[in-house]
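These notes are about the structure you will find just below.
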Amino acid sequence: MQEQYSPKEIEQQAQQYWANNKSFEVEVDTNKDKYYCLAMFPYPSGRLHMGHVRNYTIADVISRYQRMLGKNVLQPMGWDAFGLPAENAAAKNNVAPAKWTDENIAYMRDQLKQLGFAYDWTRELATCKPDYYRWEQWFFTRLYEKGLVYKKTSAVNWCPVDETVLANEQVIDGCCWRCDTQVVKKEIPQWFIKITEYADQLLADLDQLDGWPEQVKTMQRNWIGRSEGVEMTFALEQAVAGIDNFDVYTTRPDTLMGATYVSLAAEHPISLELAKNNPELNAFIQECKVSSVAEADMATMEKKGVYTGINAVHPITGKAVPVWVANYVLMDYGSGAVMAVPAHDERDFDFATLYGLPKIKVIKSDKEIALEKELTALQSAPQDPELIAKKQLIESIEKDLSHYQSLSFAVTEKGETINSGEFDGLDFEAAFDAIADKLVALKKGKRTTNYRLRDWGVSRQRYWGSPIPMFNLPEGGEIPVPADRLPALLPTDVVMDGVSSPIKSDPEWRKDNLDGKPVERETDTFDTFMESSWYYARFTSPNYEEGMLDSDAANYWLPVDQYVGGIEHAILHLLYARFFHKLMRDEGLVNCDEPFDRLLCQGMVLKDGSKMSKSKGNTVDPQQMIEQYGADTVRLFIMFAAPPEQSLEWSDSAVGGSSKYLNRLWKIIHKHLASGAAPELNKNNLTTAQQDLRRKTHETIAKVSDDCDRRLTFNTAIAAIMELTNDLNKFQDREGQGLAVEREAIETIVLLLSPIAPHICHSLWQSLGHAKAIIDTPWPKVDEKALVRDSIEMVVQVNGKVRGKIEVAADASQDAVLALAMADERVQKFIEGKEIKMQKVIPGKLVTIAVK
């Protein structure tokens, strides 16, 4: 063994060994327990950043640990390779997106290999390759045939610079998240998949996911947004182009008697019809088209509208209710119409205040009721001389009540109905039932379940994506591309002008024929969430050419046992992947209900208190760190600096500290080997110091095993390994059994550290004389007998403060323990001459004494 630790040399040797021996290539093996560990695959942007390194190191440590437990471990890697950034970079650098993407993949693959990740590279895939998106296209056509895919014209967030649809989450303060251009609302034909038909399953099956963070499940529940409500019909006093009513959905039928107007979306058929003869309304509808449809923007935008000049009829009172068109109502949400109750809805309140519309309070909130009861009790109670501030308290309550009764804000809490005629005095549940029953009896409403979730719009108007496999017919309508004509290939030898999609601007590309008849290819491409929604499944059989998945392989490996990725993907990616998995299950491709059994959302990597970004000038180049310290140091720091789910603050000095630890461990083992061959360990007749080191060794095995498995707290696992290293360094007995005990501790440290710092441990294991590679060596087991103590240390407290420590026999009686505690010189200083009020032994922990 060389005396100096040389990271570059030993890391190259370890990586070469793994490559030569195909160490991480796996196949289906029904004789072994499988373990599928997956980190969310990267976009090939060109260089790894520290967020990538953290994500992939966490997954790699888990994979290597599970392998040492004897499991058949699959850990693949691939590339989420489609997307707009490639187009922008291609236009900027005058290169085709395919070439730019391939070059980036090659560079990033090399970086990943330098970090020593245990990937089965034979399974590598890139979503931009036809052998991948071919099956995605095939699956889409199957969904179309099942009636789960449709095309419709809908309002979207449109970026006029990038010329593409943006998801609501990609609109920030009304602007495009990429180019900061003002987003406009535009109506275009788009393809949709009916995710809403699976809403109940997606919601209910969250209860299966015990291994998911509760925060993520809550976010998904909120996004699906299941609600019980009432759908009611408002008739029009006068029909508009044959339309004589419209429907409204509400989760608060208890407020129906406070509805003072109704609001329609700008795109509602009634709005559009009335706008033909109403210039003011028409201008307002045009204005609405250039506003964002993102919910965050809708919530904060100024509420504006136009009175249509017509009235609706309240479904219970029969009174006239004015009909407005408002910018805060969306056609794609519910029926595109809302009943407005200004006294009990913040948006309606703002709107009614702006236009001077009436507000009728019909709910007395539970808080207001409690204030009234408190006020009555105070007023009726006899004067209490000790309650000097009674008058002031009454005045304070009266002020609070006056605030509630002032109609100066919307009271959105539930409570008791008032000003509601026959429905007065009911709590929320009773009012819900009574009003719903009334509407049903009048044949003007029905109970219904609604969802916040909307069908998944998968069309994108850019080039660098999978072509949607549909033919548009000359006479109208469309037909799927036949299976034997798939994949519908995306041309890759293109010139990007940064303005239009090459396939949209090329009339020749659009032309095709089917059975000798001309058809036109669809020029929209898939949303890249399509590719990332099933890549985990394709990894189980990436080279399978007979279908989307080899079901035998998929059903062996799936579900993914551990998924690792950022919390920013908690909603859309994970929801779409769960949906896609259920679609594949119903197609007979997989037999489990959920794709990911356990989920770990790692925190961000920060520097100077903020997320690393080039614009802030606070990035750290992983490549530079690898070259300076070696991959193992980077991995050790990443895993030690913070628990996986918390943000990690980058520290140059702490990285140096990780490097020093590895150097120190190397020197300890070099010194140990220089002491000669260790004899076989004899567990009997060990000295106290030898027993102590053995106990520490096996306590560390127990802790690190729990931290790496159940808790996934690798920072505390590393801290325990370092603590054992410190005890080992203090151990100076290198004669006979002393050397054997030291050898056991050293080998334990190397084994426990190997998932985290695999290269140095590979080399050290060889130096310790083992012919079998450490990756093929089982995880160490706890020797329970080594944990048994002949004596234990107990703390002695006097009046709650630590006053001494005593060493007692492990099987000592309580009386014997108390006697030792009372006799301790340090304790006697605090009890001498004082009355003993209490003395108690908490076995194995402490003695507590109380004196007066």
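General observations
- Converting phi to 3J(HN,Hα) with the Karplus coefficients 6.51, -1.76 and 1.60 and the offset θ = phi - 60°, segment 634-641 yields 4, 4, 4, 4, 4, 7, 8, 5 Hz in sequence order, with x at every glycine or proline.
- Estimated FRET transfer efficiency when R0 is 30 angstrom, pair SER653-GLU214 (beta carbons, to 0.05): 0.25
- Taking 7 Å steps out from each Cα toward its Cβ at ASP205 and GLU228 produces label points 2.5 nm apart.
- With eigenvalues of the C-alpha gyration tensor scaled by 5 and rooted, segment 791-851, Å: 18, 11, 10
- Net lengthening on full extension, LYS8/TYR355 (0.36 nm per residue, minus Cα-Cα): 117.7 nm
- Normalised by the number of residues in the chain, the average gap of Cα pairs under 8 Å and 6 or more apart makes the relative contact order 15 percent.
- Charge dipole (the chain, unit charges on Cβ, about Cα centre) - positive-most of TYR35, LEU724, GLY425: LEU724
- In this structure the amide hydrogen of ASN618, modeled in the peptide plane, comes within under 5 Å of the amide hydrogens of SER613, none closer than 5 places in sequence on its chain.
- By other beta-carbon atoms within 10 Å, ranking ASP162, ASP247 with the fewest at the front produces ASP247, ASP162.
- Positive dipole terminus of the chain, leading residue within LEU589, LEU648, LEU490 (C-beta point charges): LEU648
- Between ASP332 and MET1, the modelled label-to-label distance comes to 6.2 nm, taking each label 7 Å out from Cα in the direction of the beta carbon.
- Extension gain for the segment LYS785 to LYS667, taken as residue separation times 0.36 nm less the Cα-Cα distance, is 39.4 nm to one decimal.
- Measuring how big segment 108-247 is from its alpha-carbon positions, Rg and Dmax come out at 22.0, 74 Å.
- Estimated distance in nm for a label pair at ASP433 and ASN684, the labels positioned 7 Å out from Cα along Cα-to-Cβ: 7.7
- Derived scalar couplings ³J(HN,Hα) [segment 836-852; Karplus, 6.51 cos²θ - 1.76 cosθ + 1.60; whole Hz; x for Gly, Pro]: 7, 8, 7, 9, 8, 10, 9, x, x, 10, 7, 10, 10, 10, 10, 10, 10
- Column: log10 I(q)/I(0), Debye, Cα scatterers of segment 307-453, q = 0.15, 0.18 Å⁻¹: -0.94, -1.23
- Antiparallel bridges, percent of DSSP beta bridges restricted to the chain (to nearest 5): 75
- Net charge contributed by nearby residues that have their C-beta within less than 12 Å of LYS671 (K/R +1, D/E -1): +1
- Two-decimal Rg to Rh for segment 663-787 - Kirkwood Rh, Cα set: 0.94
- Note on LYS772/GLU807: beta-carbon distance plugged into 1/(1 + (r/R0)^6) with R0 of 56 Å gives a FRET efficiency of 0.85.
- With a Förster radius of 22 Å applied to the C-beta separation of ALA702 and ILE792, the computed FRET efficiency comes to 0.80.
- Options VAL338, ILE316, ASN282, ranked by Cα towards positive dipole end of segment 256-408, top entry (Cβ charges): ILE316
- Over the chain, the Kirkwood radius and the radius of gyration, each from Cα atoms, give a ratio Rg/Rh of 1.06.
- Given +1 at the Cβ of Lys and Arg, -1 at the Cβ of Asp and Glu and no other charges, the dipole of the chain around its Cα centre is 1720 debye to the nearest 20.
- With 5 Å bins from 0: P(r) over segment 392-532, alpha-carbon pairs, percent: 2, 7, 10, 12, 10, 7, 5, 4, 5, 7, 8, 9, 7, 5, 2, 1, 0, 0, 0
- Note on segment 309-385: Kirkwood hydrodynamic radius from all Cα pairs is 15.8 Å, rounded to one decimal.
FYI, it's all coordinate maths here, none of it is from the lab. Predicted, not measured: the structure shown is a model, and the values here were computed from it. Every residue, glycine as well, gets a Cβ built from its backbone with ideal geometry; the counts of neighbours run over all protein chains shown.
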